[in-house]
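To start, the structure under review is shown below, and the notes come after it.
Bear in mind these aren't lab numbers, they're just calculated from the coordinates by the rules spelled out. This one's a predicted model, so the numbers in the text were calculated from it and none came from an experiment. With ideal geometry, Cβ positions are generated from the backbone for all residues, glycine too; neighbour counts draw on all protein chains shown.
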Amino acid sequence: MENKDFDFQDNISKALANAQLRRNLKFAMGSMIQKRKALFSDPEELEKLRNMGSAIRRRALSRLPELLEQLEKKCTENGIQVHWAETAEEANAIVLSVMQKHNAKRMIKGKSMVSEEMHLNRFLLDRGFHVMETDLGEYIIQLAGEKPSHIIAPAIHKNRDEVGRLFHEKIPDTPYTEVVEELNAIARKTLREEFYKGEVGLSGVNMAVAETGTLCLVENEGNGRMCTTVPPVHIAVMGLEKVVEKLADVPPLLRLLTGSATGQLISTYFNMITSPRKKEEKDGPKEVHLLLLDNGRSAILADPQLRQTLQCIRCGACLNHCPVYTRIGGHAYGFVYTGPIGAVLTPQMEGLKKAGDLVTASSLCNACEEVCPVKIPLPEIIRRLRNENYDEKGLASGHGCGKTLAETLVWKGWELVNRHPGLNALGTKMAGIFGPLLPETGPLKAWTSVRSKPQFARKSLHERVKEEGVDHE
Amino acid sequence: MNNAARERIFARLRQAVRQGAVSVPKPESLTIPQWNQKEKVEKLKKHMEAVRAEVHVVPSANWTETLKEIVRKRNLSTLLYAPETEIGNALQSAWNTDNSGLPALCVYEGEIEGFKEKLFGMDAAVTSTLGGIAETGALILRPDEKEPRLMSLVPPVHIAVLEAGKIYSTFAEAMEKGAWAKGMPTNALLISGPSKTADIELVLAFGIHGPKELIVLVLE
C-alpha cells in the first residue's frame with residue numbers, strides 16, 4: 001500500500017476537529033448498531049451462530065493449503081481460470097494481462113476490498129484504462145477521489161449535501177439535489193450506461209466453496225450481478241483466506257455476514273458463480289478468472305494467535321462498535337482496512353514499522369470482540385501487537401521496531417531501582433521533591449496536552465507506614 | 001499462470017499451517033424448523049414484503065389472470081418471457097385468449113451480445129423459480145439457457161412465479177434436499193426483494209441498479 005507519510009496522530013487530530021465528519025459518523029454508526037441489535041434479538045441463537053461461524057472459519061484455515069488446492073481443481077474443472085499472486089503488483093499485472101488479451105479498455109467494478117488493497121484503480125487509470133466503480137458508495141468516493149472509509153459503507157463519512165454537490169460538479173448536466181432518491185436515480189442512470197458498455201467486469205468474493213468450486217457474492221444493489229454477468233469477461237479477486245470447505249458452511253456464514261454488517265436477515269442478492277457461460281447459455285461471461293492474492297496472508301497463518309485475524313468475513317461490525325473508529329472515521333487510519341480489524345490486519349500485512357501505530361487506536365473496551373460474528377479476539381491481538389512493537393523476539397513483521405535506546409535505558413534503570421531497596425527509597429524521595437517541578441514540556445508534553453500532570457505524594461508509602469504504623473482491625 | 005508464485009505461496013502455507021496448528025471446535029449445527037406449507041408461505045411473504053417485494057398468493061389454476069391484472073395496472077409495453085417452459089406455455093395461451101391492454105410478449109433472442117440493446121429496453125420480465133426460503137424470505141433461481149441470468153436483473157420489473165410446495169424452511173434445507181453439493185449450475189441465485197441501497201446516509205431506497213420492483217406470485 002502506498003502510504004509513505006502516514007502520520008496517525010496528525011490524522012486523528014484532523015478527524016477530531018472535523019465537526020461535520022463527527023456528526024455524520026455518530027448518526028450512521030449509531031443507526032448500524034441499532035439495526036444489528038434488532039436483528040439478532042435472541043442472544044442464545046446468536047451465540048450458537050457465532051460458534052458455528054467461528055468453527056467454520058477456523059476449520060477452513062486449519063486446512064487452508066488442501067482447500068485451496070481443491071478449490072483450484074474444482075474451478076479449473078468448471079472452466080474458471082485460476083491465478084495466484086504473491087503481491088499486489090503481481091495481482092495487478094495479472095489483471096492487466098487479461099485486459100490486454102481481450103483488447104479491453106473499459107472495466108466495471110463491483111465492490112472489492114482486495115482490489116483496494118491492490119490499488120487497482122490507480123494502476124489501470126495510469127495506464128489509460130477506463131475504470132468505473134459501480135457500487136453506489138464506491139462510485140461516490142471514486143468521484144471524490146477518496147478511499148473507502150468503511151468496509152461495508154464506503155461513503156458513510158459523507159452526508160447527502162456533500163454527495164449532491166459532488167454529483168453536480170462531477171457528472172455533466174446534473175443539477176444539485178439533496179434528495180437521496182434523486183441522487184440514487186442519477187447514479188442508476190449514469191451507471192446503466194457503464195454496465196452496457198463494460199468490457200471486463202471485476203468483483204470481489206465473499207466466500208469461495210472448495211467442495212464445488214463456487215464463488216459467492218453478497219450484495220443489495222445488483223451492480224455486482226451486472227459486473228459478473230453482462231461483460232464477456234469476469235475477473236474475481238479474492239484474498240486466499242476466504243475459502244470455505246463445503247456448501248453447508250455457506251448458510252450460517254451468510255446469516256452472520258448480512259446480520260452483522262447491515263442488520264439484514266438476508267441481502268437482496270446472493271450470487272453463486274460456478275462456471276463461465278456454457279454452450280447454449282445466452283448470457284454470463286465467456287471467461288471467468290479467479291485471482292487468489294496472498295499479500296502477506298500466508299505469513300499471518302503461521303502463528304496460532306495471530307492466525308485468528310484471517311477468520312474475518314469483512315462485515316464491518318467491529319468498526320461500527322469501536323469507540324475510536326466512530327470518532328475518527330476510516331480515513332484517519334491511513335490504510336485500506338480500518339477500525340479494529342484494520343488495526344490488527346494492516347500492521348501484519350504492511351509490517352509494524354510502517355503501520356504499528358495503528359494498534360494504539362483502541363481503548364481495549366472489548367466491544368469489537370463481543371460483536372465479531374466469527375469470534376476473533378481482537379483486543380487480545382491488539383495487545384499482542386502492541387507488545388510486538390517493542391519485542392525483539394516477536395513474530396509479526398517489523399517486531400521490535402519501536403524499541404529505542406532511551407526507552408531501553410529507562411526500563412533498565414527502573415529494574416535497577418526496584419531491585420535495590422536503598423535506590424528505591426532514594427528514588428521515591430526524589431520523585432516527591434522534584435516531581436511537582438517537572439515542566440509540562442519535553443517528554444511530558446504529549447501526556448499533559450490532554451491530561452493533568454501526575455501528582456506526586458510528598459512522602460512515599462514506605463515513609464508513611466514507618467511514621468504512622470498500620471491500622472489493623 | 002505464474003507457477004513460481006503458486007509454488008512459493010503453497011510452500012509458505014504448508015509450513016504455516018503446521019506451525020500455527022489450532023484446535024477446531026465442533027459446534028452443534030442449526031436445527032431446521034418443521035413448518036407446514038401455510039406457515040412457510042406466511043413467513044416468506046412477511047419477510048419479502050418487509051424488503052418491499054410484492055407477494056401475491058394465488059390459486060395455481062388462474063395465476064395468469066392475476067399476472068394480467070398486475071401488468072395492465074403498470075401499463076407495460078414489453079414483457080420478456082421464456083417460451084417452451086411450463087410458465088411460458090401458460091402465458092402464451094393466456095395471452096392468446098385475451099391480450100387487450102397487455103404488454104407484448106418478448107423472447108430472449110440469441111446471446112447477450114446481439115440482444116443487449118433490446119434487453120436494456122425491456123419493461124419487465126417473468127421467470128420461474130427453483131423454490132423459496134421461508135426463514136429469511138428469498139427466492140431461489142437457477143437461470144439456464146431458457147431463462148438466462150439477466151432476465152431477473154436488467155428489466156425494471158421482475159415477476160417471479162413460485163410454487164408454494166417448493167418453499168423450504170431454510171437455505172440449508174434447500175441445499176440438502178436439492179443435493180446442491182453434487183453439482184452446481186453456472187449460476188444460482190437467492191433474491192429477496194427489489195434492488196436496494198443505503199449508501200447515502202443509510203437512507204434505504206429501492207431500485208438502484210437491478211429491478212425497481214419484484215413481484216412474486218406464490219401458486220397454491
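Set the Förster radius R0 to 35 Å, insert the Cβ-Cβ distance between residue A:103 and residue B:107 as r into 1/(1 + (r/R0)^6), and round the FRET efficiency to 0.05. Numbers along the way, then the final one.
Working: r = 31 Å, r/R0 = 0.90.
With R0 = 35 Å, the Cβ-Cβ based efficiency is 0.65.
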**Study point:** Sequence-distant residues sharing a close amide H with residue B:167 (under 5 Å, placed H)
**Key:** B:132
Study note, to complete from the structure: Dividing the mean separation of Cα pairs under 8 Å (6+ apart) by the residue count of region A:171-248 yields a relative contact order in percent of 35 percent
**Study point:** Quarter of the Cα convex hull surface for the protein assembly as shown, i.e. its orientation-mean projected area (nm²)
**Key:** 36.5 nm²
Review point. Where does each of B:150-157, B:196-203 land if you order them by average Cβ count within 10 Å, highest first?
Key: B:150-157, B:196-203
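Would you kindly work out the equivalent ellipsoid of region A:238-389 from its C-alpha gyration tensor and give its semi-axes, the square roots of five times the eigenvalues, largest first in whole Å? Could you put the intermediate results ahead of the total?
On the way: eigenvalues 196, 69, 42 Å².
In descending order the semi-axes read 31, 19, 14 Å.
Give me A:410, A:417 sorted ascending by neighbouring Cβ count inside 10 Å, so fewest comes first. Intermediate values should be presented prior to the final figure.
Details: A:410 12, A:417 16.
Lowest count first: A:410, A:417.
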Point to revise | From phi via Karplus (6.51, -1.76, 1.60), per-residue ³J(HN,Hα) for region A:232-240 in Hz, x at Gly/Pro | key: x, 10, 10, 10, 9, 10, 8, x, 5
Point to revise | Cα-Cα P(r), region A:418-473, percent of pairs per 10 Å interval | key: 21, 37, 29, 12, 1
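Using only atoms on other chains, find how many Cβ atoms lie within 10 Å of each Cβ of peptide A:216-226 and report the average. All intermediate terms of the calculation are to be shown ahead of the outcome.
Details: counts 1, 0, 1, 4, 14, 9, 13, 5, 2, 11, 6.
Going residue by residue through A:216-226 and averaging, the value is 6.
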Point to revise | All Cα pairs of region A:1-141, percent lying beyond 18 Å | key: 77 percent
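Filter the chymotrypsin sites (Phe, Trp or Tyr not before Pro) in region A:150-258 down to the DSSP loop ones having no more than 14 other Cβ atoms within 10 Å, then list what survives. Mind showing how you got there, number by number?
Working: sites: A:167, A:176, A:195, A:196; in loops: A:176.
The qualifying sites are A:176.
Roughly how crowded by other chains is peptide A:244-251, in terms of the mean Cβ count from those chains within 10 Å of each of its Cβ atoms? Each step should come with its number before you reach the end.
Numbers: counts 0, 0, 2, 8, 6, 0, 4, 11.
For this peptide, the per-residue mean of nearby foreign Cβ atoms is 4.
Averaged over peptide A:47-60, how many Cβ atoms belonging to another chain are found within 10 Å of each residue's Cβ? Spell out each step's value before the answer.
Numbers: counts 1, 5, 2, 1, 4, 6, 1, 3, 5, 2, 1, 4, 4, 1.
Mean partner-chain Cβ count within 10 Å for A:47-60: 3.
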Review point. How large are Rg and Dmax for region A:344-409 when only the alpha carbon atoms are used, in Å?
Key: 12.6, 43
Review point. Could you work out the helix-only [θ] at 222 nm for the protein assembly as shown, with each DSSP H run of four or more residues adding -39,500 (n - 2.57) and the total divided by the number of residues, to the nearest 500 deg cm²/dmol?
Key: -13500 deg cm²/dmol
Check your understanding: Short version: ³J(HN,Hα) in whole Hz for each residue of region A:176-182, in order, from phi by Karplus 6.51 cos²θ - 1.76 cosθ + 1.60 (θ = phi - 60°), x for Gly and Pro, what are they?
Key -> 5, 8, 10, 8, 4, 4, 5
Study note, to complete from the structure: Placing each pseudo-label 7 Å from Cα in the direction of the beta carbon, residue B:72 and residue A:125 end up separated by a distance in nanometres of 5.3 nm
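Based on the Kirkwood radius over alpha-carbon pairs, what is the Stokes-Einstein translational diffusion coefficient of region A:151-200 at 4 °C with 1.567 mPa s viscosity, in µm²/s?
Result for D is 109 µm²/s.
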Exercise for review: Could you give the spread of the C-alpha atoms of region A:28-108 along their three principal axes, from largest to smallest, in whole angstroms?
Suggested key: 52, 36, 25
**Study point:** Approximate shape of region A:1-61 as ellipsoid semi-axes (Cα gyration tensor, √5λ), whole Å, largest first
**Key:** 34, 22, 7
Revision key, fill the gap. Counting sequence-distant residues (5 or more places) and residues on other chains, those with an amide H built under 5 Å from that of residue A:214 are A:209
Review point. Which shape class applies to region A:131-264: rounded if a/c is under 1.5, otherwise prolate when a/b exceeds b/c and oblate if not, where a ≥ b ≥ c are the square roots of the Cα gyration tensor eigenvalues?
Key: prolate
Review point. How do A:180, A:244 rank when sorted from fewest to most other Cβ atoms within 10 Å of their own Cβ?
Key: A:180, A:244
Check your understanding: Once the principal axes of the Cα atoms of region B:52-173 are found, what is the range along each, listed largest first in whole angstroms?
Key -> 38, 33, 28
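Hey, what's the Cα Rg ratio for chain B versus the globular rule of thumb, 2.2 N^0.38 Å?
Numbers: Rg = 21.3 Å, N = 220, 2.2 N^0.38 = 17.1 Å.
Rg over 2.2 N^0.38 Å, computed on Cα atoms: 1.25.
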Exercise for review: Write down, largest first, the equivalent ellipsoid semi-axes of region B:22-110 in whole Å, where each equals the square root of 5 times an eigenvalue of the alpha-carbon gyration tensor.
Suggested key: 38, 18, 14
Study note, to complete from the structure: Binned at 5 Å starting from 0, the alpha-carbon pair-distance distribution of region A:197-325 in whole percents comes out as 2, 10, 17, 20, 21, 15, 9, 4, 2, 1, 0
Check your understanding: Of A:27, A:40, how do they rank once you tally other Cβ atoms within 10 Å and put the fewest first?
Key -> A:27, A:40
Check your understanding: Taking the alpha-carbon centroid of each part, what is the distance from region A:218-285 to region B:26-66 in angstrom?
Key -> 23 Å
Point to revise | Per the protein assembly as shown, cysteines lacking a partner by the 4.7 Å Cβ criterion | key: A:75, A:216, A:227, A:312, A:315, A:322, A:365, A:372, A:401, B:106
